[in-house]
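Beneath this line is the structure, given in structure tokens, with notes to follow.
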Amino acid sequence: MKKNIIKKNEIILSLIFPSYNEEKNLKLLLTAFKNLIKNRKIEIIVVENGSKDNSRNLLKKLEKQIQFLKVVYLKKNKGYGHGVFEGLKKSKGEFVGWAHGDLQYSPKEIMKVLKIIYSKNEENIYIKGLRKGRSFVENIFTFGMSLLETLYFRTILWDINAQPNIFHRNFLKKIKRPPKDFSFDLYVYFLAKKNNLKVIRLPIKFPPRIYGKSNWNLNFFSRLNFIKRTLLYSLKLKKSL
């Protein structure tokens, strides 16, 4: 008989959402989760990553209203990866992970990970989104980056920055000194492959943002800069193996 790894009266899933200047999206995001999370043992951790808008004041109000919400307040934005990692360190769930808080990943879609967690009932899994419905240009960009990283590391690394990323908390112990920027996604994804976790891809619709702008994907030159940073980190990561 297969052992049930999901303990009773414990938090099943901790979801971390790093947030920087996402004031308009935050209330919509958390309201959506409020409608989805009933009696299930789930916690949502928003990392307020030193925003310049009114996010901090809004979250202080929402903390009092939403039982499953936990907020980590950072004074300074040291990067996306730093924010995610700080949230992960505060998590209590049997399974933990993160996604972007800009509403390009629907909470209803993200919650499908629960079905996978219950059906698989094992620690050795890594659930990763697979973005659907993106533009032709975005798909070409993703294809190019995925191909380069796959060839360089000699293991399949596809749609590296897709969300969510979910795994058993035992794997969290393997994450040491991660990059503080967007290379965090690559680092943890590669680490999961290196540790022979079973990667399960979850198709996720990827609609346009409702409010605000991306903090990195601003234009062609920002994409080039992203590619440059990712490739430089790839060199550093491979040397550290």
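The values are calculated or read from the model by the stated rules, or taken from the named source; none is laboratory data. Being a predicted model, the structure only gives us computed values, none of them experimental. Methodologically, a virtual Cβ is constructed for each residue, glycine included, from the backbone with ideal geometry; neighbour enumeration extends over all protein chains shown. Accessible surface is based on the protein model in full, side chains and every heavy atom, while ligands, DNA and RNA are left aside. Shrake-Rupley method; radii C 1.70, N 1.55, O 1.52, S 1.80 Å.
Being assigned to a helix (DSSP H, G or I) and either of a type in the set (G, A, S) or in contact (Cβ under 8 Å) with a residue 24 or more places away in the chain (or both): is that true of G101 here?
Details: assigned to a helix (DSSP H, G or I): no; either of a type in the set (G, A, S) or in contact (Cβ under 8 Å) with a residue 24 or more places away in the chain (or both): yes.
Judged against the criteria, G101 is not a match.
Could you tell me which of the residues K38, K24, K78 is in contact (Cβ under 8 Å) with a residue 40 or more places away in the chain, closer than 23 Å to S106 by Cβ and either open to solvent by 70 Å² or more (accessible area, probe 1.4 Å) or in contact with a Cys (Cβ under 6 Å, 6 or more places away or on another chain) (or both)?
Working: K38 fails: in contact (Cβ under 8 Å) with a residue 40 or more places away in the chain; K78 fails: closer than 23 Å to S106 by Cβ.
Sole residue among the options that is in contact (Cβ under 8 Å) with a residue 40 or more places away in the chain, closer than 23 Å to S106 by Cβ and either open to solvent by 70 Å² or more (accessible area, probe 1.4 Å) or in contact with a Cys (Cβ under 6 Å, 6 or more places away or on another chain) (or both): K24.
In region 129-149, which residues are open to solvent by less than 30 Å² (accessible area, probe 1.4 Å), out of contact with any Asp or Glu (no Cβ under 8 Å at 6 or more places or on another chain) and either hydroxyl-bearing (S, T, Y) or modelled with pLDDT of 95 or more (or both)?
E149, the sole residue that qualifies.
Which residue, of I37, I66, I42, is more than 19 Å from Y20 (Cβ to Cβ), more than 19 Å from the chain's Cα centre (by Cα) and of a type in the set (V, I, T)?
Working: I37 fails: more than 19 Å from the chain's Cα centre (by Cα); I42 fails: more than 19 Å from the chain's Cα centre (by Cα).
Every option except I66 fails the conditions.
Does L59 satisfy being buried (at least 22 other Cβ atoms within 10 Å of the Cβ) and under 18 Å from the mean Cα position of the chain (by Cα)? If you could, list the steps in order and put the result at the bottom.
Values: buried (at least 22 other Cβ atoms within 10 Å of the Cβ): yes; under 18 Å from the mean Cα position of the chain (by Cα): no.
Judged against the criteria, L59 is not a match.
So how many residues does region 112-128 have that are of a type in the set (K, R) and buried (at least 17 other Cβ atoms within 10 Å of the Cβ)?
Of the residues in region 112-128, 1 are of a type in the set (K, R) and buried (at least 17 other Cβ atoms within 10 Å of the Cβ).
Find all pairs meeting these conditions: Cβ atoms under 7 angstrom apart; at least six residues apart or on different chains; first residue within region 81-92 and among the hydroxyl-bearing types (S, T, Y); second residue open to solvent by less than 40 Å² (accessible area, probe 1.4 Å).
S91/S14; S91/I16; S91/I45
When the residues of region 41-53 are filtered to those that are farther than 15 Å from G97 by Cα and in contact with a Leu (Cβ under 7 Å, 6 or more places away or on another chain), which remaining residue is surrounded by the fewest Cβ atoms within 10 Å (Cβ to Cβ)? Don't jump to the end; show me each part of the working.
The initial filter retains those residues of region 41-53 that are farther than 15 Å from G97 by Cα, namely 48-53.
Imposing the further condition that a residue be in contact with a Leu (Cβ under 7 Å, 6 or more places away or on another chain) reduces the set to 48-50.
Details: E48: 23, N49: 27, G50: 17.
Here the residue is G50.
Could you list, ordered by first residue, the pairs with Cβ atoms under 9 Å in which the first is in region 106-127 and assigned to a helix (DSSP H, G or I) and the second is of a type in the set (D, E), at least 6 apart or interchain?
Listed by first residue and then by second, the contacts come to I117/E94.
Filter region 83-103 down to the residues that are under 12 Å from the mean Cα position of the chain (by Cα) and open to solvent by 20 Å² or more (accessible area, probe 1.4 Å) and list them by number. Let's see the steps before the verdict.
Our first condition is that a residue be under 12 Å from the mean Cα position of the chain (by Cα); within region 83-103, this holds for 83-85, 87-88, 96-102.
Of everything in region 83-103, those that are under 12 Å from the mean Cα position of the chain (by Cα) and open to solvent by 20 Å² or more (accessible area, probe 1.4 Å) turn out to be F85, H100.
With respect to K193, is the statement that it is over 17 Å from I117 (Cα atoms), among the basic types (K, R), in contact (Cβ under 8 Å) with a residue 24 or more places away in the chain and outside any loop (DSSP other than H, G, I, E, B) true?
On the way: over 17 Å from I117 (Cα atoms): yes; among the basic types (K, R): yes; in contact (Cβ under 8 Å) with a residue 24 or more places away in the chain: yes; outside any loop (DSSP other than H, G, I, E, B): yes.
Here the answer is yes, as K193 does meet what is asked.
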